[in-house]
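Working notes, structure below.
The values are calculated or read from the model by the stated rules, or taken from the named source; none is laboratory data. Every value quoted in this text rests on a predicted model; they were computed, and no experiment measured them. A quick note on method: Cβ atoms are made from the backbone with ideal geometry, for glycine too, and the neighbour counts reach across all protein chains shown. The accessibility values were calculated without ligands, DNA or RNA, using every heavy atom of the protein model including side chains. Shrake-Rupley method; radii C 1.70, N 1.55, O 1.52, S 1.80 Å.
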Amino acid sequence: MSNVLEAKVAKVGTDEVTGYSSYQLGSFTFRRDEYFAHVSWPKGSHIMEVDRFLRAMVRDIGWGFFYGWIFFDDIFGTTNHYGTVDIFAGSYDRGCKEAGIDFLETFKAEAVSEAFETISRDWISEGYDPLNAPLETGTPIGPKGKERTDPLLRAFIAAERMLGLEGDTPLRSEGAGQGINRAFADLEMSEPDIECEPGFEGQLHAINLFDHIARSDVTWNPSISAVTRANICCVTSEEHMLPVIHGNDRNEWFIQLTDEIHWNIADKESGAPRGRVVMKAGDVCAMPADIRHQGFSPKRSMLMVMENGTPDLEKRYASGELKPYPVDFG
Ligand SMILES: [Fe+2]
């Protein structure tokens, strides 16, 4: 890891025609036009479709840079060091490295969050929500429109008790656009029977988890996170493509709850292909700690993701102390 820069985001200009501003963080500059995001650094530059760039950027902020590597595409992305964050360009691409145009700078995590939020705010106009599935939102292409005033990110709502028990935070806002998604109209949504021993009424509860996930209006973003010490369980609804390529720094478990997701899996360092996995309802897999992967969900599906948030776990994988996969089938 390189030295941590003390830089903060700065606006460096505004395009008179499109209305969008450009920004600088450290040695990186960010500019957009009607179709594309442009990132440049002292030794090179990169261009990406603006939709892909914004879908990746808002999730990167919302996930707190997640575990390990977030590739916006094969070239540009961030690496989480849990307190500091690298922004890189070409650092994990063999072609860029051979050409000597790869570049990486390390910042405080808050500085990157602030920069990405500032850029997203300026580049996202009303009618477009990069957290929605592409079929369920407008487009970001074109000149700057009216700025959105609602939060870009969905805040976490902490449950006080078991979901659905009296006194719990209401998690569903019926009638506020949180109906059952069209893709899950055929699912059985009956509520579970609850029979508890006398004296325990009001303390035992159960919900139909599908009924909850089916109401999520965002994709590739947790609908519920259940955290028990370092064990993190997220359920999500997925549609279209995972807007980033995730490079793991630890194992990550997937349980496909409905429908199917196609995963492209590549070597984390070079991007060389390592496998393709099609996960169908009921399939379970552990993504290894040394790969990058991207999922494609042709129809909205439900996925459960299990993460191990043990502090410093990434160092134990990076040093080789732990094997990159969780099970030996001997
Ligand atoms: Fe992952």
Worksheet item: Restricting attention to segment 304-330, and to residues there that are in contact with a strand residue (DSSP E or B) (Cβ under 6 Å, 6 or more places away or on another chain) and not small (Gly, Ala, Ser), which single residue is surrounded by the most Cβ atoms within 10 Å (Cβ to Cβ)?
Response: Glu307
Worksheet entry | Residue under evaluation Phe66, criteria (1) within 16 Å of the ligand (Cβ to nearest atom); (2) among the aromatic types (Phe, Trp, Tyr); (3) surrounded by 22 or more Cβ atoms within 10 Å (Cβ to Cβ), criterion not met | (3)
Discussion item. Kindly evaluate Phe200 against the criterion of being aromatic (Phe, Trp, Tyr), more than 16 Å from the ligand (Cβ to nearest atom) and either open to solvent by 20 Å² or more (accessible area, probe 1.4 Å) or part of a strand (DSSP E or B) (or both).
Written reply: yes
Worksheet entry | Check on Pro140, in a loop (DSSP other than H, G, I, E, B) and surrounded by 13 or more Cβ atoms within 10 Å (Cβ to Cβ) | yes
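Let's see how each residue does on (1) modelled with pLDDT of 95 or more; (2) outside any strand (DSSP E or B); (3) at positive phi; (4) not acidic (Asp, Glu):
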site: Ser40; (1), (2), (3), (4): yes, no, no, yes
site: Ser45; (1), (2), (3), (4): yes, no, no, yes
site: Phe53; (1), (2), (3), (4): yes, yes, no, yes
site: Val58; (1), (2), (3), (4): yes, yes, no, yes
site: Tyr67; (1), (2), (3), (4): no, yes, no, yes
site: Ile87; (1), (2), (3), (4): yes, no, no, yes
site: Gly95; (1), (2), (3), (4): no, yes, no, yes
Worksheet item: Of Val4, Val85, Val17, which residue is under 22 Å from Pro130 (Cβ atoms) and β-branched (Val, Ile, Thr)?
Response: Val85
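Okay, residues lined up against (1) more than 15 Å from Asn132 (Cβ to Cβ); (2) more than 16 Å from the ligand (Cβ to nearest atom):
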position: Phe210; (1), (2): yes, yes
position: Arg215; (1), (2): no, yes
position: Ser223; (1), (2): no, yes
position: Val235; (1), (2): yes, no
position: Glu238; (1), (2): no, no
position: Trp253; (1), (2): yes, no
position: Glu260; (1), (2): yes, yes
Discussion item. Looking at segment 88-106, can you tell me whether even one residue there is under 30 Å from Gly309 (Cβ atoms), surrounded by fewer than 18 Cβ atoms within 10 Å (Cβ to Cβ) and without any contact (Cβ under 8 Å) to a residue 40 or more places away in the chain?
Written reply: no
Worksheet item: Do we find a residue being modelled with pLDDT of 95 or more and more than 23 Å from Gly64 (Cα to Cα) anywhere in segment 236-256?
Response: yes
Item to complete: Give the number of residues within segment 20-34 that are in contact (Cβ under 8 Å) with a residue 24 or more places away in the chain, out of contact with any Asp or Glu (no Cβ under 7 Å at 6 or more places or on another chain) and open to solvent by 30 Å² or more (accessible area, probe 1.4 Å).
Response: 1
Practice prompt. Being surrounded by 14 or more Cβ atoms within 10 Å (Cβ to Cβ) and free of Cβ contacts under 8 Å to residues at least 24 places away in the same chain is the filter here, so list the residues in segment 143-164 that pass it.
Written response: Gly145, Ala159
